[in-house]
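Since the structure comes first, as structure tokens, the remarks are kept for the end.
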């Protein structure tokens, strides 16, 4: 893991088209602004993990279980 120090209103570039900007720092919370192309999904880690779990569940559904849906 790369660890960088930044002050408020300073940014970090990821590749050529993703910019992370430190928007605010209050106590132990840091607010980040993320500027990324629309085709790159950006999620909080807990949301990303929930999406992955739901996708895994959906992939395990037996087609006969969905016969009467719709």
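Every read-out reported here was derived from the displayed coordinates using simple, explicitly stated rules and does not represent laboratory data. Not measured: the values here are computed from a predicted model.
Could you work out the relative contact order of the chain, using alpha carbon pairs under 8 angstrom and six or more residues apart, expressed as a whole percent? Mind dumping the intermediate values first?
Details: 53 pairs, mean separation 12.1, N = 70.
Answer for the chain is 17 percent.
Provide, in order from the shortest bin, the percent of all Cα-Cα pairs of the stretch 11-61 in each 5 Å bin, continuing until the bin that contains the maximum pair distance.
P(r) for the stretch 11-61, in whole percents per bin: 4, 16, 17, 19, 17, 12, 8, 5, 2.
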